[in-house]
Amino acid sequence: MNIRSYKLFLAALSGVLLGAAFPPIPTGITAAFAFIPFFLLFESIDDYAKAFRYSYTTFFVFNLTAMYWVGGFTHCKDVYMIIAGLLLLLAHPIFFYVPIVIWMFIKRSLGFKFSIITFPFLWVGFEYIHSLTEIGFPWLTLGNTQTYDVAIIQIASVTGVYGISFWLLWLNVIGFVLFTKLAIKAWNIFSWNSFRYILLFLLIYFLPKFYGNHVLESPSLHSAKTIKVAAIQPNIDPFEKWTVNPEEPLDNIQRQTNEIVNKQVDLVLWPETAMPFYILHPNNRYHFEKIKFQVDTMNINLLTGIPDIHYFKNGEMIPKSSKISIDGQWYETYNSSMLLQPGSDVIQKYAKIVLVPFAERVPFSEALSFLNAAQWNFGLGGWARGKDTTVFQFSALNGEPVKFSNMICYESVIPSLVSAFVKEGAQFLTIITNDSWWGNTSGAYQHKQFAVLRAIENRRWVVQCANGGISCFIDPYGRMMHETKLFTQTIVHGEVELRDEKTFYTENGDWFAE
């Protein structure tokens, strides 16, 4: 193997090890040493152009391994999804060069030994920044790899997910030093120096686990207040839903909901965009009344995902990203959720704040109106951004006042958004989603597992309701229950505690990475 092939091998190996750490592979262990080949490679690279080429190789393989599913390539039902997925896999690795170019500057200025110490700080700072703005995409945050070991990630209630990333990066640094010293025979495996580094590696690895086991074994603070929640999983084909008679999805999910009539459920969840039309539009009043009648007669509180539309009136400020109807009215549409309560005409609504870049909204299309996909007539999302972190309120069957917040799909990946809901009073959290767009691939499993971190960070119950799966309940310590299978029509229900205490992370946000 020549030198160039060897370098490409090291770059690709790091990418595979990083990608293989993500769900559904149930260990995440490779994240503890995935950067070692990368460090070996960059020890001899001083040129920025070469640094870009090899880092792009690493992070392209990383993205491909972890997110091969994003274009719906397994079923190829949507050409725009395929194009968007390909563009993401090709363009997203470029973002990862940002910390590398800073690291290269430090390496050239102060030497490799000093630069390797700065790497965990640079990487975690990059992960945090990469979660911000309309082009933020924190799906591949390194800490997301550890969600199958709930003991190790209990530190998230203090540090958030970025503390877990930082911990993994230091394992990589220590592992790299030990590996190189042994490889060049500067140290013997039985030498004191080797023993110290092995001991340090094991100590850093197991400390979070010892802490987490202590937390999990200690008597947990249970709330005396509980409610019963049911999640309806209708398993409607996400592509056909928008082309069939719109009454069919509504009729199906209402029939399922009737099955819980004697379950004494306080809150029922329907998934993201459970009905493929603007249910609150005056033209659809008949369908809305059907749902409201069911809510009243069954005496249930219902949270459902809906598409929503707002027509601008005279005098209202019209955003540049808005659309115009054939009759000349300016409007915006939202990926939303609404809460209906029995015996009340009040409709509480939440509009999704963090939208998937390009898939749901072209970034910066409000400031740069020529980017508005709707004007191009492309098959890209044109949802408007919501503005308020809504805390829904209702009364349980026993009269207990309840507060909760709802994330829509991708929003559960954003730690700061979720903590903002809890800081404003949410006693538990719900996620409504439609993860069956991509077939039986890693995407649904990754999304479900990332919610574990949000539960631990804020010590809140999380209930996920997915159209085609995976629906589940997650307790405040990240333990999952009532998990459904993909592509099944089912109902899951269970008890959820109402919690009011706030963690250090909830109160202080992403302090660890800021």
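Listing for the model above:
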{"item": "Nearest 10 degrees, 0 to 90: helix 247-258 Cα axis against the chain principal axis", "result": "90 degrees"}
{"item": "Positive-end residue, the chain charge dipole about Cα centroid, Cβ charges, pick of Ser157, Leu132, Leu18", "result": "Leu18"}
{"item": "Separation in nanometres of the label points that stand 7 Å from Cα toward Cβ, at Arg196 and Asn258", "result": "7.4 nm"}
{"item": "Backbone N under 17 Å from the Asn299 label point (7 Å along Cα→Cβ), restricted to region 334-357", "result": "341-344"}
{"item": "Accessible heavy-atom area order of Leu90, Leu498, Leu216, highest first, probe of 1.4 Å", "result": "Leu90, Leu216, Leu498"}
{"item": "Heavy atoms of Lys181 accessible to a 1.4 Å probe, total area in Å² rounded to 10", "result": "60 Å²"}
{"item": "Among beta bridges that DSSP assigns inside region 413-507, antiparallel share in %, nearest 5", "result": "50 percent"}
{"item": "Value of relative contact order over region 102-197, rounded to a whole percent, pairs C-alpha under 8 Å and six or more apart", "result": "20 percent"}
{"item": "Residues Val215 and Phe179, FRET efficiency given R0 of 30 Å [Cβ-Cβ distance, rounded to 0.05]", "result": "0.40"}
{"item": "Extension gain from Asn2 to Thr488, taking 0.36 nm per residue of separation minus the Cα-Cα distance", "result": "169.8 nm"}
{"item": "With all protein chains modelled, accessible area of Ile184 [1.4 Å, Å²]", "result": "120 Å²"}
{"item": "Length-normalised contact order of the chain in % [C-alpha pairs under 8 Å, at least 6 apart]", "result": "16 percent"}
{"item": "Debye, to nearest 20: dipole size of region 103-238, +1 on Lys, Arg Cβ, -1 on Asp, Glu Cβ", "result": "600 debye"}
{"item": "Simple spin-label estimate for Asp251 and Ala420 in nanometres, 7 Å along Cα-Cβ", "result": "4.1 nm"}
{"item": "Net length gained if the chain between Phe239 and Ser325 were fully extended (0.36 nm per residue, minus Cα distance)", "result": "28.6 nm"}
{"item": "Calculated FRET efficiency for the pair Ala186/Lys225, C-beta based, R₀ 56 Å, to 0.05", "result": "0.40"}
{"item": "Net +/- balance of residues flanking Ile227 in space, Cβ distance below 10 Å, scoring K and R +1, D and E -1", "result": "-2"}
{"item": "Whole-number percent relative contact order across region 241-313, with pairs defined as alpha carbons under 8 Å at least 6 apart", "result": "39 percent"}
{"item": "Spherically averaged projected area in nm², based on the convex hull that wraps the Cα atoms of region 172-329", "result": "20.4 nm²"}
{"item": "Selection from Ile318, Pro208, Gln341, by position along the positive dipole direction of the chain (Cβ)", "result": "Pro208"}
{"item": "Antiparallel DSSP beta bridges within the chain, as percent of all bridges there, nearest 5", "result": "65 percent"}
{"item": "Debye, to nearest 20: dipole size of the chain, +1 on Lys, Arg Cβ, -1 on Asp, Glu Cβ", "result": "1520 debye"}
{"item": "Cβ-placed point charges (K, R +1; D, E -1), dipole of region 47-174 about Cα centre in debye, nearest 20", "result": "420 debye"}
{"item": "Helical mean residue ellipticity (222 nm; -39500 (n - 2.57) per DSSP H run of 4+; nearest 500) of the chain", "result": "-13000 deg cm²/dmol"}
{"item": "FRET efficiency for Glu134 and Leu86, using Cβ-Cβ distance with R0 set to 22 Å, rounded to 0.05", "result": "0.60"}
{"item": "At 1.306 mPa s and 10 °C, Stokes diffusion of the chain via Kirkwood alpha-carbon radius, µm² per second", "result": "65 µm²/s"}
{"item": "Among Asn235, Asn252, Leu302 the positive-end extreme of the charge dipole of region 226-302 (Cβ point charges)", "result": "Leu302"}
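The values are calculated or read from the model by the stated rules, or taken from the named source; none is laboratory data. Just so it is clear, the structure is predicted and the values come from calculations on it, not from any experiment. Counting neighbours? That spans all protein chains shown, and the Cβs are built from the backbone with ideal geometry, glycine included. Keep in mind that these areas ignore ligands, DNA and RNA; they rest on the heavy atoms of the full protein, side chains included. Shrake-Rupley method; radii C 1.70, N 1.55, O 1.52, S 1.80 Å.
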